[in-house]
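Enquirer: Would you mind keeping the following structure in view while I ask a few things?
The values are calculated or read from the model by the stated rules, or taken from the named source; none is laboratory data. Because the structure is predicted, anything quoted here is derived from the model rather than measured. So basically every Cβ, Gly included, is an ideal-geometry build from the backbone, and we count neighbours across all protein chains shown. Heads up: the accessible areas ignore ligands, DNA and RNA and are worked out on the full protein's heavy atoms, side chains in. Shrake-Rupley method; radii C 1.70, N 1.55, O 1.52, S 1.80 Å.
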Amino acid sequence: MGRRDPEEGQLPAPVKPPDGGWGWIVLFGCFVITGFSYAFPKAVSVYFKELMKDFHVGYSDTAWISSIMLAMLYGTGPICSIMVNQFGCRPVMLIGGLLASAGMILASFTTNIIELYLTAGVLTGLGMALNFQPSLIMLGAYFDKRRPLANGLAAAGSPVFLSALSPLGQVLMEKFGWRGGFLIMGGLLLNCCTCGAVMRPLDMGMKRKMEKTQDKYEAKEMLPIGGKSEEGISTTDGNKKAKKAKKKPKKGKKLLDFSIFSNRGFIIYTISKFILVLGLFVPPILLVNYAKDTGVPDTEAAFLLSIIGFIDIFARPACGMVAGLKWVRPHVSYLFSFAMLFNGMTDICSARASNYTGLVIFCVFFGISYGMVGALQFEVLMAIVGSQKFSSAIGLVLLIEAFAVLIGPPSAGRLVDALKNYEVIFYLAGSEVVLSALFLAMATYCCLNRGKKKEPPPEKNPSAGGGSDTEEAESDVQEAEERSSDNHQLAHSTDNAMVATSEEANHVAEEQSREGGGCPEGDGEVLARDACNTDQTVERDRF
């Protein structure tokens, strides 16, 4: 996907998403990748207490590990976009799986916190980024009508893995220590390579169909059908060349398309996501240590993340199904705003939870709202920019969100160290999420919906240059259909010409035998060709 044709230097014609078939295997791979990418930075927080004891650092220092992972996941978005557009999704994901595993394995041998930042933070974060973004691109390529449901199911990988990795991490730390736990986690990340191997590019099917059509065309062209029929073929080729000459020349795909910043919807989405990320990841990262500080045992504190994950498992697919309804899908951005508002109010209302029961109630509502946000965030982006520009759009959005990730959790950790009070952190995080929800809803209504009502529909100007990627994709599909139709018509006309030639030759031979002229054999062939000329001229006109 996104690779250039080595022979023509242009992108292959886009293929219609199958909405099933091998796409379900791709969906499962995306499910696993999403689970590791989002759950792993949160599950690592189980080891923070042991890391603080071994390296004699504060909580804000250990919180940087999760922040660096998330920052690499987001900040390397443009690099991932360039690599995917240049090499395709499958090779990039295989390399990413190896890097993610190597980072955790090397982290098990570190001797100070800086080395932990570079291995578990930078290297593992980069590996997960090279898996996460290409998997979303492939999911968008394989699904269209069922895309909201597919996004919801793939996003469910995050809570499933979070509910599994947190207790697993606690067990591994108790039996093998944090070093043994990191080593085993590194082995688990090798499964990302398997998921990358199943990401089969869609353009392979189109190439096979075009090769079959070309073979049929060449077989018909090699048949001995007479000089006039060859003229008919040359006339058809001339018409096809004339169509291509009139057509605007296709441009090679940009490695990173910055033209999406001219889309107002994309600007609004990016700003709201930046504000959202400032507070979205703070509660789950601080939750385990908050529970431990209130006197909750370590095992029960780690189980709180499992509760969020368990609720999240059902919330994401359910929200994806709702977003796929005909009357909801055109207004999916408002549903996304409601999900963010729900999440922010959950943080604010649960800020004073001081016992285990209160924390469990918080985890239930947070899991529902967090699942809704996770299921809708990339569906909204796909709806705004389209599948053709999604690879560039997601890279740029993740880069901008990386700054918010580097600001949010570390700042919250410093406030905890300074104030020794988690209540303020929950109020602050919830307010940021609510602000992002209000901004997205109001900006979408005022800047987009009202603008559509006032502005008349733009007239299509075929002579205008600089068409969008969607228009180029439509022209590519139209060209492929015209080529297939021309080849079919050429084969039909060629068969008619051959039948007409044999019938005319037999007719002339019968007339000569009746007249008793006994003309030479060569003359009979000339007469047969002359008789065929008129019929072939008619056949040529049909081209």
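Enquirer: Given the structure, is Gly196 outside the structural domain of Ala402 (by the TED database), within 14 Å of the chain's Cα centre (by Cα) and either aliphatic (A, V, I, L, M) or open to solvent by less than 20 Å² (accessible area, probe 1.4 Å) (or both)?
Expert: yes
Enquirer: Select, from Glu432, Glu379, Glu423, the only residue that is modelled with pLDDT under 85 and not hydrophobic (A, V, I, L, M, F, W, C). Break it down into steps so the answer makes sense when it comes.
Expert: Working: Glu432 fails: modelled with pLDDT under 85; Glu379 fails: modelled with pLDDT under 85.
The match here is Glu423.
Enquirer: Mind listing just one residue for me: the one in region 378-408 that is within 17 Å of Ser81 (Cβ to Cβ) and of a type in the set (D, E, K, R) and, of those, least open to solvent (accessible area, probe 1.4 Å)? Spell out how you get there, then give the answer.
Expert: Filtering region 378-408 for residues within 17 Å of Ser81 (Cβ to Cβ) gives 378, 381-382, 384-402.
Okay, now just the ones that are also of a type in the set (D, E, K, R), so 389, 401.
Working: Lys389: 43, Glu401: 3 Å².
Among those residues, the one meeting the criterion is Glu401.
Conditions tested, residue by residue: (1) within 21 Å of Phe281 (Cα to Cα); (2) not aliphatic (A, V, I, L, M).
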{"residue": "Ile113", "(1), (2)": "no, no"}
{"residue": "Thr119", "(1), (2)": "no, yes"}
{"residue": "Gly125", "(1), (2)": "yes, yes"}
{"residue": "Arg147", "(1), (2)": "no, yes"}
{"residue": "Asn151", "(1), (2)": "yes, yes"}
{"residue": "Ala155", "(1), (2)": "yes, no"}
{"residue": "Phe161", "(1), (2)": "yes, yes"}
{"residue": "Thr194", "(1), (2)": "no, yes"}
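Enquirer: Going through Ser37, Ser45 one at a time, which residue ends up being under 27 Å from Leu190 (Cβ atoms), modelled with pLDDT of 85 or more and among the hydroxyl-bearing types (Ser, Thr, Tyr)? So that I can check it myself, show each step before the final result.
Expert: Details: Ser45 fails: modelled with pLDDT of 85 or more.
Checking each option against the conditions leaves just Ser37.
Enquirer: Same structure again: Just give me the residues in region 325-377 being surrounded by fewer than 16 Cβ atoms within 10 Å (Cβ to Cβ) and polar (S, T, N, Q), in sequence order.
Expert: Selection gives Ser354, Asn355, Thr357.
Enquirer: Can you pull out every residue in region 73-107 that is over 26 Å from the mean Cα position of the chain (by Cα) and open to solvent by 10 Å² or more (accessible area, probe 1.4 Å)?
Expert: Listed by number, the residues that qualify are Ile105, Leu106.
Enquirer: With the structure loaded, tell me whether Ser411 is surrounded by fewer than 24 Cβ atoms within 10 Å (Cβ to Cβ), at pLDDT below 85 and farther than 29 Å from Leu256 by Cα or whether it fails that test.
Expert: When the stated conditions are applied, Ser411 passes them.
Enquirer: Whether any residue in region 145-155 is among the aliphatic types (A, V, I, L, M), within 30 Å of Lys420 (Cα to Cα), modelled with pLDDT under 85 and out of contact with any strand residue (DSSP E or B) (no Cβ under 9 Å at 6 or more places or on another chain) is what I want to check.
Expert: The answer is no, given that none of the residues of region 145-155 is among the aliphatic types (A, V, I, L, M), within 30 Å of Lys420 (Cα to Cα), modelled with pLDDT under 85 and out of contact with any strand residue (DSSP E or B) (no Cβ under 9 Å at 6 or more places or on another chain).
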